[in-house]
Structure formats: C-alpha cells, structure tokens
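Reviewing the structure listed below.
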Amino acid sequence: DLAHNGFDVDVIGLGRWRGIDGSFALKLWPMGAWALSASLLGIVAWKKSRSLSLAMLAQLLILTHFSLRWGSVIVRPESLIGLCGLALILGLTWGWPEKVRSRRFFHPASALLALAAYAHFNAIHLVFPVALSVGVQKKRFRELLRIGALTALYLIPWGLTVLRKPTIFLEQMGVQWRRLAVPNGWLDHPAKIFTTIFPDLGIPYPLPNWIQ
C-alpha cells in the first residue's frame, strides 16, 4: 500500500527496522539527508574559499529550496540520493578525504552509487556524472570498470533479496513502469524545457513570470 501511495518503502523500512515507526520520526531520515547536504556543501565551500559568506550562501541555497524541503517532508528518497550525488560531485571534483580514499575493495564513488541505489532505482542518473568525470582521466577504462565492479559487489545483498522474494520486486517494477507510462510534455516545446528547470513543487503559488 505504501508503494502505491507514493511513499518510499526503502526509507520507511529502514526506519521501522530501527524501531522508528511514527510519521514525524520517519521524516528525520530524508530531512537529515537534506540538512547533511547543506552542511557538506557549506564545509567544502569554506575549505576551498575561506569565505564564511560564500559558505553560508551555499548552505542557504539548499536549505531555502522549496522543492528540496517538500521532497524531504513527505518522506521521499530523493533527499538521500541528492546527498550521495552531491558527495560524488564534490569528491570527483576536489578529491576524496584521506579517510575514504580508494582501497583494494573500496571506492567512495562505488559506495555512494550503491547507497543511492538502495534508496531508489532512479539513482541511476548518478552514473552519468561519474562516467563524465572519470572518462577524462588517462586510465579511464580501468577506473570505470573498477567502480562498476565494486558497485555491483555492494549491491549483492539487493540481488539476493530479489532472488528470495521476486514477487515484491516484480510488483514494485510494475508500479514504476506504470509511472513512466504517464505522458510528460516537457520536451514538446523549448519553453516547457526551461520551465522544468525550476520546478514549483512544494510552494503554494506558481513561480514569478521572470523565472518561468
């Protein structure tokens, strides 16, 4: 029922597994990821620029974004996926901290890709920035192969769960494919493409015309 009503079973299930069952407490998961995204961006901005104003501005861009707030309050997994995506971009751009640098059976990009995938299947879009960033390196094929292999390794528990309970997997995939079948006209006209860059989800009134 939760899946059909638009709630994310993975995020809710994770909370209930730890004994968190109240609707308000469950919101701490996505809202925590939302807050961590702002903190992470602010810390990196401070370390790279040594400008407190720039760090605070970076945090405010996330904390005041109505769509991010809306998605977090209704217990959606995109807040966690966004946190993983932000960490991926920052790590691939500025380098990974020493404590999480690549080792024999560990790669931070693979770990973040797998964590996002466990939250929701639409985290597949995080593959593109990874491929683009690694693709410009000298040993790009070997590095891409290693990241992909380690990501698959980290997703083995998910694969075993699907094999054990395929009915739940097939039902959830049916729900997702039905969602994809809903027409989306954002590619019908250039004006619609630009409009969707600034979604107005989570606010009571449409965005001003100068943004549209």
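Overview of results
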| read-out | value |
| --- | --- |
| Rg/Rg_globular for the range 69-208, with Rg_globular taken as 2.2 N^0.38 Å and Rg from C-alpha atoms | 1.25 |
| Accessible area expressed per residue, the range 145-184, with surrounding protein chains retained (probe 1.4 Å, Å²) | 78 |
| DSSP-assigned coil residues among chymotrypsin sites (Phe, Trp or Tyr not before Pro) in the range 88-142, each with at most 15 further Cβ atoms within 10 Å | PHE105 |
| Taking the convex hull of Cα positions in the range 89-159, its mean projected area over all directions (nm²) | 4.9 |
| Solvent-accessible area per residue, Å², over the range 19-123 with all protein chains present [probe radius 1.4 Å] | 56 |
| Where only alpha carbons of the range 51-97 are counted, the Rg and the Dmax (Å) | 12.5, 34 |
| Surface share of carbon and sulfur [accessible, 1.4 angstrom probe, percent] for the range 90-178 | 70 |
| Normalised alpha carbon radius of gyration of the range 134-179 [divisor 2.2 N^0.38 Å] | 1.67 |
| Whether the range 36-133 is rounded, prolate or oblate, judged on the alpha carbon gyration tensor where a/c under 1.5 counts as rounded | oblate |
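The values are calculated or read from the model by the stated rules, or taken from the named source; none is laboratory data. Owing to the predicted nature of the structure, the values given are computational and were not obtained by experimental measurement. When we count neighbours, we look across all protein chains shown, and the Cβ atoms used for this are built from the backbone with ideal geometry, even at glycine. For accessibility, only protein heavy atoms count, side chains too; no ligands or nucleic acids. Shrake-Rupley method; radii C 1.70, N 1.55, O 1.52, S 1.80 Å.
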